[in-house]
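The structure appears below as structure tokens.
The values are calculated or read from the model by the stated rules, or taken from the named source; none is laboratory data. Given the structure is predicted, the values throughout are model-derived calculations rather than measurements. Positions of Cβ are backbone-derived with ideal geometry, glycine not excepted, and every protein chain shown enters the neighbour counts. Accessible surface areas use protein heavy atoms only, side chains included; no ligands, DNA or RNA. Shrake-Rupley method; radii C 1.70, N 1.55, O 1.52, S 1.80 Å.
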Amino acid sequence: MIVRIMGEGQVRLEDSHLAELNRLDDELLAEIQNGDGPGFRRTLAALLARVRELGTPLADDSLEPSELILPSPDATLEEVRELLSDDGLIPGGA
């Protein structure tokens, strides 16, 4: 799966990592629904850090279609709320 972090670039992520990322996504969704700003900020940072750790960066000039687009680290709670589906940011969660 190709994942883009807005403002950063793309990484290739194995599907086997989706369960772990979905747990963080579910936590993030709950924090957004509860308006928990500090929790949201902490969990978004953790989610993006895990994507960076687990993923293999693609070359900057690579133009692969992204299957998943995640918000930038400085995105606000309101901005991320607009990106959400019923499953959160990552399909298959919640």
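Here are some values of Rg and Dmax of the Cα atoms in Å: (1) 14.7, 42; (2) 27.8, 77; (3) 12.5, 39. Which one was computed from this structure?
Matching the structure shown: (3).
Would you mind working out the accessible area per residue for the chain, using a 1.4 Å probe, and quoting it in Å²?
57
Pairs of Cα atoms under 8 Å, at least six residues apart: use those to get the relative contact order of the chain, whole percent.
Value for the chain: 44 percent.
Can you tell me the dipole magnitude for the chain around its Cα centre, using point charges on the Cβ only (Lys, Arg +1; Asp, Glu -1), in Debye to the nearest 20?
The dipole of the chain has a size of about 220 debye.
Quick one: Karplus J couplings for the range 55-63, per residue in order, coefficients 6.51, -1.76, 1.60, θ = phi - 60°, nearest Hz, x for Gly and Pro?
After applying 6.51 cos²θ - 1.76 cosθ + 1.60, I find x, 9, x, 8, 4, 4, 8, 6, 10 Hz.
Using only helices, what value at 222 nm comes out for the chain when you add -39,500 (n - 2.57) per DSSP H run of length 4 or more and divide by the total residues, to the nearest 500 deg cm²/dmol?
-14500 deg cm²/dmol
So what J values fall out for the range 33-38 if you push phi through Karplus, 6.51 cos²θ - 1.76 cosθ + 1.60 with θ = phi - 60°, rounded to Hz, Gly and Pro as x?
Going residue by residue, I get 4, 8, x, 7, x, x Hz, with x marking Gly and Pro.
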